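Here is the structure we will look at, set down as C-alpha cells.
Laboratory data are not the source of any read-out in this text; all were calculated from the coordinates shown. Just so it is clear, the structure is predicted and the values come from calculations on it, not from any experiment. Virtual Cβ from ideal backbone geometry, glycine too; neighbours counted across all protein chains shown.
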C-alpha cells in the first residue's frame with residue numbers, strides 16, 4: 001500500500017470523525033441523523049451499481065479489459081458477456097464515500113437554512129429552497145462530477161476528446177436531457193480506415209439515457225458522421 005493511499009484513508013476517517021462530532025454537537029437530533037445517513041449511503045451505493053457502469057473495453061487492452069459497475073468506486077466487476085461479480089469490499093468503500101458526502105452536504109444545507117432563516121419563511125419559499133439547495137445539485141451531478149469511464153492510452157483519449165467536441169459543435173447535439181457523455185470505447189471502424197468512438201450519455205441525476213457514436217476521419221481530427229442509439233444497441237454494429 002502506497003503512502004498516498006495510507007494518507008487518503010487516514011484523511012477520510014479523520015474528516016468523517018470530524019463531521020460526526022460536528023453533527024452531535026451542532027444539532028439535538030444529530031445522532032439520529034448520523035444513524036439515518038448510514039443506510040442512505042448504502043442505498044446510494046446500491047443505486048449507483050444499477051445506474052452507472054463502464055462496460056468491458058478494447059482500447060489499449062490485449063483483448064478486453066474488465067469493466068465495472070458503481071460510482072465513484074466499483075461495486076461489481078464486469079467480464080465480457082455482461083457477467084457481473086459482486087465486490088463486497090468495494091461496495092462498502094463506495095458506501096463510505098457516500099456516507100461522508102451526505103454528512104458534508106447535509107451540514108452545508110443546515111448552515112444555509114440557518115443563514116437564510118428557514119423558520120421565518122413561508123411554505124413556498126421553503127419549497128424553492130429545497131429545489132435550489134438540495135435537489136438541483138444532485139440533478140446537475142453529471143455536469144460537475146467526473147465521468148465514470150475507462151483510462152485509455154493518450155492516442156485514444158485524443159480521439160475521444162475530438163469526438164466529444166465535434167458532437168457538440170459540428171453536429172450541434174446535446175439535448176436538454178443529455179447532461180454529460182462518458183467514454184465507453186474507441187475502435188477501428190468496420191471500413192478499416194476511420195475510427196469510431198462510443199459514449200454513454202447520462203441525463204439528470206446520473207440516469208443513463210442512450211449511446212452516442214461518432215465516426216472520425218482516418219486522421220482522427222474531424223467527425224464524418226454520428227448519431228444516437230438506444231442503450232440496448234451496440235455502437236459497434238453499423239447503425
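Of note:
- Stokes-Einstein translational diffusion, the chain - Kirkwood Rh over all Cα pairs, 1.002 mPa s, 20 °C, in µm²/s: 106 µm²/s
- Residue 8/residue 125 FRET efficiency (R0 35 Å; Cβ-Cβ; nearest 0.05): 0.30
- Stretchable slack from residue 221 to residue 22, in nm (0.36 nm times residue separation minus alpha-carbon distance): 66.5 nm
- Computed log10 I(q)/I(0) for the range 145-239 at 0.10, 0.13 Å⁻¹: -0.23, -0.39, from the Debye equation with unit scatterers placed on every C-alpha and solvent omitted.
- Long-range tail of P(r) for the range 3-139 (Cα pairs > 22 Å, %): 53 percent
- Rel. contact order, % - alpha carbon contacts under 8 angstrom, at least six apart, the chain: 14 percent
- Cα shape, the range 121-174, gyration tensor, a/c 1.5 rule: oblate
- Using alpha-carbon coordinates, inclination of helix 30-51 to the longest axis of the chain, degrees: 10 degrees
- Relative to the dominant Cα principal axis of the chain, helix 3-26 is inclined by about 40°.
- By average C-beta atoms within 10 angstrom, highest first, the peptides 14-20, 204-210: 204-210, 14-20
- Relative contact order [Cα under 8 Å, 6+ residues apart], the range 154-229, whole percent: 28 percent
- For the chain, the longest principal axis of the Cα atoms and the long axis of helix 154-169 meet at an angle of about 80 degrees.
- Rounded to the nearest whole angstrom, the semi-axes of the ellipsoid equivalent to the range 98-202, taken from the Cα gyration tensor as √(5λ), stand at 42, 16, 9, largest first.
- Cα→Cβ-extended label distance, 7 Å offset, between residue 170 and residue 62, nm: 3.4 nm
- If you wrap the tightest convex hull around every Cα atom of the range 70-142 and split its volume per residue, you get 107 Å³.
- Using the Cβ-Cβ distance between residue 238 and residue 86 with R0 set to 30 Å, the FRET efficiency works out to roughly 0.30.
- Global geometry of the range 1-41, whether rounded, prolate or oblate, following the gyration tensor of its Cα atoms and the 1.5 cut on a/c: oblate
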